[in-house]
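Working notes, beginning with the structure itself.
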Amino acid sequence: MSLHLNAAPGQIAPTVLLPGDPLRAQHIAQTFFENPVQHNSVRGMLGFTGSYKGQAVSVQGTGMGMASAGIYIHELIHGYGAQTLIRVGTCGSYHEGVQVRDLILAQAACTDSNINNLRFGASNYAPIADFGLLLGAYQSAKARGVSAHVGNILSSDTFYQDDPDRYKLWAQFGLLGVEMEAAQLYTLAAKFGVRALTVLTVSDHLVTRQATSADERQQTFDQMVEVALDAALAPV
């Protein structure tokens, strides 16, 4: 057990999916896992373990933002031996060609957070995905006929921006979209020598202003989970 997870030793699989929303974690377990068992309830941050196509897999909610996600990622690695962690979440698109319900496979994650500045001082660290997982997710998306874009994203500390046009600078430099956790996931994975990837479904669009409902974000986007599971459980 750890401070924020009350799973028994061995109850969490080496492969863990990481949605921000604990109710999405429950949906994933109930929809995709065989014989899911709830392993965490601390602070209502639900987690489950079961199997997918005969392989053990867990899902654990992380909450919103890098500060919250970093707690669960750290404890999953150090307290429970997690080796493969894949964020499955939502994001906003920065480009008309990256449409609502498309997938973004985050090759790297820029950030406006100060967390890595506390680690590296005046130096800049570039958090990147595990290439094997990234390649596996891309191949899975193509095989499933899912529209997927590979590239750089922004992990932001701020959901409601004071400047609604701030995204245009990031878009100018090729970033595909924005979310709130990937940079911390990639940094901790690199620090502790584990594999990590972020697979995102575009839930809203900063250019066209299209958006999905909270219900859709929680209950749908199943293609993202299938792609993530394919990548996570493929032979290394």
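Within segment 82-107, if we keep just the residues that are within 12 Å of the chain's Cα centre (by Cα) and among the small types (Gly, Ala, Ser), the residue that is farthest from Ala69 (Cα to Cα) turns out to be Ala106.
Applying the condition of being farther than 15 Å from Thr208 by Cα and not polar (S, T, N, Q) to segment 167-177 and asking which residue is nearest to the chain's Cα centre (by Cα) yields Leu175.
For segment 186-203, how many residues meet the condition of being touching a residue at least 40 places away in the same chain (Cβ under 8 Å) and over 16 Å from Gly20 (Cα atoms)?
At the first step, the residues of segment 186-203 found to be touching a residue at least 40 places away in the same chain (Cβ under 8 Å) are 186-190, 192, 194-203.
Filter again for over 16 Å from Gly20 (Cα atoms), leaving 187-190, 192, 194-195.
Total satisfying the criteria: 7.
Any residue at all in segment 4-16 that's outside any loop (DSSP other than H, G, I, E, B) and either buried (at least 19 other Cβ atoms within 10 Å of the Cβ) or in contact with a Phe, Trp or Tyr (Cβ under 7 Å, 6 or more places away or on another chain) (or both)?
First, pick out the residues of segment 4-16 that are outside any loop (DSSP other than H, G, I, E, B): 15-16.
Checking the rest, the ones that are also either buried (at least 19 other Cβ atoms within 10 Å of the Cβ) or in contact with a Phe, Trp or Tyr (Cβ under 7 Å, 6 or more places away or on another chain) (or both) come to 15-16.
Yes, that holds for at least one residue.
Does segment 31-47 contain any residue that is free of Cβ contacts under 8 Å to residues at least 60 places away in the same chain, in a strand (DSSP E or B), touching a Ser or Thr at 6+ places or on another chain (Cβ under 9 Å) and buried (at least 24 other Cβ atoms within 10 Å of the Cβ)? Yes, that holds for at least one residue.
Every residue in segment 77-130 that is assigned to a helix (DSSP H, G or I), of a type outside the set (Ser, Thr, Tyr) and surrounded by 14 or more Cβ atoms within 10 Å (Cβ to Cβ), please.
Across segment 77-130, the qualifying residues are Ile77, Gly79, Ile115, Asn116.
Can you spot a residue in segment 58-73 that is among the polar types (S, T, N, Q), part of a loop (DSSP other than H, G, I, E, B) and closer than 19 Å to Val194 by Cβ? If you could, list the steps in order and put the result at the bottom.
Initial filter on segment 58-73 (among the polar types (S, T, N, Q)): 58, 60, 62, 68.
From what is left, the residues that are part of a loop (DSSP other than H, G, I, E, B) are 62.
Okay, now just the ones that are also closer than 19 Å to Val194 by Cβ, so 62.
Within segment 58-73 (the criterion being among the polar types (S, T, N, Q), part of a loop (DSSP other than H, G, I, E, B) and closer than 19 Å to Val194 by Cβ), the answer is yes, since at least one residue qualifies.
Any chance you could count how many residues in segment 17-30 are out of contact with any strand residue (DSSP E or B) (no Cβ under 7 Å at 6 or more places or on another chain) and either in a loop (DSSP other than H, G, I, E, B) or of a type in the set (D, E, K, R) (or both)? So the answer is 2. Taking segment 67-76 as the range and being of a type outside the set (Asp, Glu) and surrounded by fewer than 21 Cβ atoms within 10 Å (Cβ to Cβ) as the test, the residues that pass are Ala67, Ser68, Gly70, Ile71, His74. Within the option set Ala234, Ala190, Ala182, being in contact with a Leu (Cβ under 9 Å, 6 or more places away or on another chain) and under 30 Å from Phe120 (Cβ atoms) holds for one residue only, Ala182.
Filter segment 51-66 down to the residues that are more than 14 Å from the chain's Cα centre (by Cα) and either surrounded by fewer than 18 Cβ atoms within 10 Å (Cβ to Cβ) or among the polar types (S, T, N, Q) (or both) and list them by number. Even if it seems obvious, please write down each step before you answer.
Taking segment 51-66 first, the residues more than 14 Å from the chain's Cα centre (by Cα) are 51-57.
The answer is Ser51, Lys53, Gly54, Gln55, Ala56.
Report, by residue number, each residue of segment 40-51 that is touching a strand residue (DSSP E or B) at 6+ places or on another chain (Cβ under 7 Å) and hydroxyl-bearing (Ser, Thr, Tyr). Spell out how you get there, then give the answer.
Pass one, segment 40-51, residues touching a strand residue (DSSP E or B) at 6+ places or on another chain (Cβ under 7 Å): 40, 46-51.
Matches in segment 40-51: Thr49, Ser51.
Within the set Ala189, Ala234, Ala196, the sole residue that is of a type in the set (A, V, I, L, M, F, W, C), surrounded by fewer than 16 Cβ atoms within 10 Å (Cβ to Cβ) and under 18 Å from Ile86 (Cα atoms) turns out to be Ala234.
Just so you know, all these numbers are worked out from the coordinates, no wet-lab data involved. Computed from a predicted model, the values in this text were never measured in an experiment. Cβ atoms come from the backbone with ideal geometry, glycine included; neighbour counts cover every protein chain shown.
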